[in-house]
């Protein structure tokens, strides 16, 4: 176990590199021994300021794609490759023809930027059990009726509403429902 931990450290810290020093290769974490898997996954952007894609699975100066848009909080991104490196999982965006990479946990500060979710599209009926609903423009964690972009909609208890999409974190509780009649997302906690 200790040996494996030391090997992981060696892939993150190159000889002669120190955190915070200019020119340090500390955050260049793409390596040959990083485990990569292919498939199809959905991830939800949780960082309130969004996340900018990178041209390769590295975190360092010049790796950000300057001409690309930022994926905003609440965006659901389809991923076709995942590469584990240290505590970070690099995610290749499937919707892009070029190589476009994001990360779930920041290699710099370990802040969670994206979470894996189950995304379902279809048509379901739900019965309303409250007298009002907080409607969000996007499925975002940490949003409430106190948020400026969240609207409180009075609704009749017992009314049946149509849900077109469901988003649920793979690890964790709760879900977001896209309610057709309300034109937004409702959080189930």
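Scan segment 46-69 for residues that are touching a strand residue (DSSP E or B) at 6+ places or on another chain (Cβ under 9 Å), closer than 22 Å to residue 139 by Cα and part of a loop (DSSP other than H, G, I, E, B) and jot them down. Result: 46, 47, 50, 52, 53. Any residue at all in segment 90-102 that's in a loop (DSSP other than H, G, I, E, B) and buried (at least 18 other Cβ atoms within 10 Å of the Cβ)? Yes, segment 90-102 contains a residue that is in a loop (DSSP other than H, G, I, E, B) and buried (at least 18 other Cβ atoms within 10 Å of the Cβ).
Screening residue 108 on (1) modelled with pLDDT of 90 or more; (2) within 14 Å of residue 51 (Cβ to Cβ); (3) surrounded by fewer than 18 Cβ atoms within 10 Å (Cβ to Cβ) shows it passes everything except condition (1).
Counting only strands (runs of 3 or more DSSP E) that fall entirely inside segment 112-189 and contain at least 3 residues that are under 23 Å from residue 49 (Cα atoms), the qualifying elements are 114-127, 132-136, 160-169, 175-179, 184-188.
The set of residues in segment 70-113 that are farther than 23 Å from residue 141 by Cβ and out of contact with any strand residue (DSSP E or B) (no Cβ under 7 Å at 6 or more places or on another chain) comprises 85, 86, 96, 97, 98.
The C-beta contact set for segment 146-157 (first residue not assigned by TED's automatic domain parsing to the domain that holds residue 48, second residue surrounded by fewer than 14 Cβ atoms within 10 Å (Cβ to Cβ) and modelled with pLDDT under 75, distance under 9 angstrom, 6+ apart or interchain) comprises 150/144; 151/145; 152/145.
The values are calculated or read from the model by the stated rules, or taken from the named source; none is laboratory data. Just so it is clear, the model here is predicted, and its values are computed rather than measured. Please note: Cβ atoms are built from the backbone with ideal geometry, for glycine as well, and neighbour counts cover all protein chains shown.
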